[in-house]
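**Q** First the structure, which I've put down as structure tokens, then a few questions once you've had a look.
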Amino acid sequence: MAVARKFEKCALVIGILSSLEEKRDELLNLLEKDFGPILHVSRTLDFPYTDYYDKEMSGHPVRYLIMFSNPADPALLADYKTRTNEIEHVFENEAGRRINIDPGVLSLSNFVLASCKNRSHRIALKNGVYAELTLIYQNKDFQCLPWTYADYASEEVKEILRFFRTEYKSRLVIAETKKQCLTEKEQFCTCKP
């Protein structure tokens, strides 16, 4: 019989589309309040894939990605999306969103984004939030799927995610080493209260 185990912690990675770059520091401060310290902010990328967001965002957006320091529980992905939706409202104007915030969880094997739009390939989580397997890590690189958005399929974004994945992997090794050291210490030492 299979035994359910706790999910391995992932890296919280948030994708930002913004036409409001003058508010970047304010946005990053709000995200840090909710999700903890930011470890990396990627370079800013052009967003030439569509003009879908231009009218709502009152201008052409740019894309960047953020990796957070604290390990993320993938079971909380819907909660992350609910909170980022609330943060988006802070920056709205009469036309709509000026910032689009897409939280995701990065593991050694994949990158999963949260979405409020249901599609055939998305899995319902809770409260109207779905999980989308956006990229898989196979053959030593991220691989696109038929539904992967063009920006996440781009070499620029995959390069950033490869860097984030390497950082995440090194943090897993450090955590495992610390855990092993504590186990060995308990094995050979009698600790007094």
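**Q** So how many residues does the range 41-63 have that are farther than 17 Å from Tyr149 by Cβ and over 22 Å from the mean Cα position of the chain (by Cα)?
**A** Summing the residues that are farther than 17 Å from Tyr149 by Cβ and over 22 Å from the mean Cα position of the chain (by Cα) in the range 41-63 gives 3.
**Q** Give the residues of the range 102-115 that are open to solvent by 50 Å² or more (accessible area, probe 1.4 Å) and aromatic (Phe, Trp, Tyr), sorted by residue number.
**A** Passing the criteria: none in range.
**Q** Moving on to the next point. Among the residues of the range 3-56, which ones are open to solvent by less than 50 Å² (accessible area, probe 1.4 Å) and free of Cβ contacts under 8 Å to residues at least 40 places away in the same chain?
**A** Arg24, Leu28, Gly36, Ile38, Asp54
**Q** Has the range 75-84 got any residue that is open to solvent by 20 Å² or more (accessible area, probe 1.4 Å) and either of a type in the set (Lys, Arg) or farther than 23 Å from Lys6 by Cα (or both)?
**A** yes
**Q** Now for a different question. Take the residues in the range 116-153 that are polar (S, T, N, Q) and surrounded by fewer than 18 Cβ atoms within 10 Å (Cβ to Cβ); name whichever of them is farthest from Ala11 (Cα to Cα).
**A** Ser120
**Q** Look through the range 154-164, keep the residues that are open to solvent by less than 30 Å² (accessible area, probe 1.4 Å) and not in a loop (DSSP other than H, G, I, E, B), and return whichever of them is farthest from Glu8 (Cα to Cα).
**A** Val157
**Q** On to the next question. Among all residue pairs at least 6 apart or on different chains, which show Cβ distances below 7 Å where the first residue, located in the range 126-155, is touching a residue at least 60 places away in the same chain (Cβ under 8 Å) and within 23 Å of Phe47 (Cβ to Cβ) and the second is open to solvent by less than 60 Å² (accessible area, probe 1.4 Å) and in a helix (DSSP H, G or I)?
**A** Within 7 Å, the pairs are Asp151/Val157.
**Q** Going by what's in this entry, would Leu172 be described as of a type in the set (A, V, I, L, M) and over 29 Å from Ser19 (Cβ atoms)?
**A** Here the answer is yes, as Leu172 does meet what is asked.
**Q** Run down Met57, Met1 and say which single residue is at pLDDT below 95 and under 16 Å from Ile99 (Cα atoms).
**A** Exactly one residue qualifies, and that residue is Met57.
**Q** In the range 107-123, what count of residues is obtained for those that are over 27 Å from Glu32 (Cα atoms) and assigned to a strand (DSSP E or B)?
**A** Looking only at that region, the number is 1.
The values are calculated or read from the model by the stated rules, or taken from the named source; none is laboratory data. Source: prediction; values computed, not measured. Cβ sites come from the backbone with ideal geometry, for glycine too, and all protein chains shown count toward neighbours. When the accessible area is computed, the model is the full protein with side chains, heavy atoms only, and any ligands, DNA or RNA have been set aside. Shrake-Rupley method; radii C 1.70, N 1.55, O 1.52, S 1.80 Å.
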